[in-house]
Amino acid sequence: MSSLEARLQRLEDQVAILAVVAAYGPAVDSGSAGVAAELFTQDGVYDVSPTPLVGAAAVAEMVDSPGHQGLIGRGCAHLQGIPQIAVEGDTAVAVNHSVVLLKTPDGFDVWRVAANRWELRRTPEGWKVARRVNRLLDGDPGAAALLRL
Amino acid sequence: MSSLEARLQRLEDQVAILAVVAAYGPAVDSGSAGVAAELFTQDGVYDVSPTPLVGAAAVAEMVDSPGHQGLIGRGCAHLQGIPQIAVEGDTAVAVNHSVVLLKTPDGFDVWRVAANRWELRRTPEGWKVARRVNRLLDGDPGAAALLRL
Amino acid sequence: MSSLEARLQRLEDQVAILAVVAAYGPAVDSGSAGVAAELFTQDGVYDVSPTPLVGAAAVAEMVDSPGHQGLIGRGCAHLQGIPQIAVEGDTAVAVNHSVVLLKTPDGFDVWRVAANRWELRRTPEGWKVARRVNRLLDGDPGAAALLRL
């Protein structure tokens with residue numbers, strides 16, 4: 001691989017991983033269960049409180065669940081902070097903040113603000129999430145530590 | 001066009017469209033009416049409630065309007081979520097969230113949270129917005145559906 | 001330098017500067033004083049109210065200060081809006097919004113929303129911040145003007 005191609009590949013990886021992170025919020029806020037699930041590897045884990053989602057199918061089930069559909073019906077936005085990304089061969093780690101906003105009668109509330117660590121894998125279908133850990137930034141030192149790349 | 005150049009072009013398109021989306025908020029929050037207008041094609045439409053803005057000149061007029069100047073005078077921030085971008089030749093679609101924050105006596109309120117679909121066109125002056133649809137995420141299924149790329 | 005390489009370099013600069021901006025929040029919210037300091041040149045200035053931080057070491061001291069540690073202990077998130085970036089040779093300017101969210105008993109408050117102008121320099125260790133100006137978007141025309149690239 002030429003030096004130019006290696007540099008190009010590094011940029012492509014960064015931009016592709018940014019796109020994976022960017023895709024999560026629009027997928028879940030539009031109720032696109034299949035799109036959200038396909039961001040993960042089949043055995044991917046979304047380690048979120050109180051119950052981790054194990055397997056891509058569990059992510060789809062979460063989107064289709066009454067709880068999540070209730071958020072969409074009320075009006076919600078799952079926003080992602082700009083991720084910091086470190087690629088090493090066919091794996092990568094990204095860390096960022098995430099924010100969930102919920103409609104109220106006269107505006108929106110900031111409901112959840114969390115730290116995220118994304119572990120990604122290069123697959124024949126592009127970069128996918130093998131594991132995402134999400135913890136509320138409520139003063140828990142373990143949550144804050146997730147933001148160290 | 002060589003394979004390397006085609007890959008480079010794809011990255012340039014992604015980064016250029018990200019820059020168009022990133023430019024909107026700083027332009028309107030600094031009262032830069034001309035900068036905001038130039039993000040759109042001359043016949044571009046910003047389909048926002050309650051009154052769509054038709055033509056780049058209408059975007060400039062909105063920025064200069066007493067309503068918008070009042071927001072700036074109070075303190076406001078038009079934030080953009082990281083867009084998901086799909087380019088096809090000389091057109092592209094991007095979807096993202098947008099958030100408007102407003103100063104209050106003791107902090108800031110989350111005033112508006114919306115879904116956006118941006119339709120962009122490659123022009124001799126770079127990528128421009130031909131149409132942007134913005135709908136409040138207040139539970140309206142049509143608003144949520146805008147987030148499907 | 002070939003035309004392809006020049007185009008690649010331009011993209012690398014954009015992506016690298018995006019990464020510098022993205023790194024600030026996770027660094028300070030995880031108490032990583034050294035990481036936050038290394039984003040700045042040794043004589044870099046973070047011009048923030050009420051007391052500008054002069055030198056990278058002052059940024060580290062701010063992260064380690066009781067005031068900032070108190071924010072982490074309560075739960076906080078320093079979010080960055082997508083920056084607009086203009087590179088010229090070995091210097092660059094980026095402008096964006098920043099938002100600080102703080103934990104409350106029943107959610108999170110939007111504590112600070114600011115305009116930022118980042119002046120960056122290409123160094124042997126990559127792009128670093130020579131000066132970052134941050135002003136609260138509270139209606140102050142000088143703060144809003146910072147958002148003009």
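The values are calculated or read from the model by the stated rules, or taken from the named source; none is laboratory data. Here the structure is a predicted model, which is why all the values come from computation and not from measurement. Please note: Cβ atoms are built from the backbone with ideal geometry, for glycine as well, and neighbour counts cover all protein chains shown. The area values use the complete protein model at the heavy-atom level, side chains included, leaving out ligands, DNA and RNA. Shrake-Rupley method; radii C 1.70, N 1.55, O 1.52, S 1.80 Å.
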Subject >> the stretch C:36-149, accessible surface, carbon-and-sulfur percent (1.4 angstrom probe) >> reply: 52 percent
Subject >> Copy-to-copy label separations for residue B:136, where each label sits 7 Å from Cα toward Cβ, in nm and ascending >> reply: 2.8, 2.8
**OP:** Find the all-direction average of the projected area of the Cα convex hull for the stretch C:17-149, expressing the result in square nanometres with one decimal place.
**Re:** 7.9 nm²
Original post:
Where both residues lie in chain B, what percent of DSSP beta bridges are antiparallel, nearest 5?
Top reply: 90 percent
Subject >> Label-point gap, in nm, between residue A:125 and residue B:51 - each point 7 angstrom along Cα→Cβ >> reply: 4.7 nm
Original post:
Between copies, how close do the residue A:125 label points come, placed 7 Å along Cα→Cβ, listed in nm from shortest?
Top reply: 4.2, 4.2
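If you take the beta carbon distance between residue A:138 and residue B:111 as r and set R0 to 35 Å, what does 1/(1 + (r/R0)^6) give as a FRET efficiency, to the nearest 0.05?
E between residue A:138 and residue B:111, to the nearest 0.05, is 0.90.
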Original post:
Other chains' Cβ within 10 Å of A:70-77 residues: what's the mean?
Top reply: 5
Subject >> For chain C, calculated [θ]222 nm from helices alone, where every DSSP H run of n ≥ 4 adds -39500 (n - 2.57) >> reply: -11500 deg cm²/dmol
Original post:
Hey, can you list the DSSP H helices of chain C whose Cα span along the axis is 18 Å or longer and whose average Kyte-Doolittle score is at least -1.0?
Top reply: C:3-29
Original post:
Roughly how many Å is it from the Cα centre of the stretch A:1-48 to that of the stretch A:93-119, as a whole number?
Top reply: 18 Å
Subject >> Alpha-carbon Debye profile of the protein assembly as shown, log10 I(q)/I(0) at 0.09, 0.12, 0.13 Å⁻¹ >> reply: -0.54, -1.04, -1.25
**OP:** Starting from a label point 7 Å past Cα on the Cβ side, list the distances from residue A:88 to the same position in the other copies, nm, shortest first.
**Re:** 4.0, 4.0
**OP:** Would you calculate the volume per residue, in Å³, of the smallest convex hull containing every Cα atom of the stretch C:1-50?
**Re:** 110 Å³
**OP:** Any chance you could check the stretch A:116-149 for residues losing 30 Å² or more of accessible area when the partner protein chains are in, compared with the chain on its own (1.4 Å probe)?
**Re:** A:137, A:138, A:139, A:144, A:147, A:148
Original post:
When chain B is treated as a GNM, springs tying every alpha-carbon pair under 10 Å, which of B:95, B:87, B:21 comes out with the largest mean-square fluctuation?
Top reply: B:87
